Amino acid sequence: MNEFDTAMLQTRDTFLEVFGDTITYQPGVLDREITAIVKYIDDDSQVSPSVRHRSPSIQIKAANDSAIGIAASEFEPGQTISVPPREGADAVMKHLNRIIKQTTIFVWYEAK
């Protein structure tokens, strides 16, 4: 870890507390609540006009730590999370598709 990573680790919990939402991570056997930052990506501009609009895709930013987040080492495509499909909606099951980006402190996942 470099100096930046050390500083980020010291502020990670506060950052998640201020900007994060509680979601349920379901890796298989045991579900656990984690705090993650949920980002909704509006894809309407990428879809040709039709009768229905696709749901926004979701990215979550979680601690790269299996105790309080989702460690990159424990991730397997197809694991599920329970998260609202859009702001203000009730939580639904979404599949984690892939890791978008990762650092020592955080991992960004795509969920659909």
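Here, each number is a calculation from the coordinates, and none is a lab measurement. Everything quoted here is computed from the prediction, not taken from an experiment. Methodologically, a virtual Cβ is constructed for each residue, glycine included, from the backbone with ideal geometry; neighbour enumeration extends over all protein chains shown.
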Q: Inspect region 90-106 for any residue being within 17 Å of F19 (Cβ to Cβ), touching a residue at least 12 places away in the same chain (Cβ under 8 Å) and in a strand (DSSP E or B) and give the result as yes or no.
A: yes
Q. Within region 77-112, how many residues turn out to be within 25 Å of E3 (Cβ to Cβ) and either touching a Leu at 6+ places or on another chain (Cβ under 8 Å) or of a type in the set (F, W, Y) (or both)?
A. 4
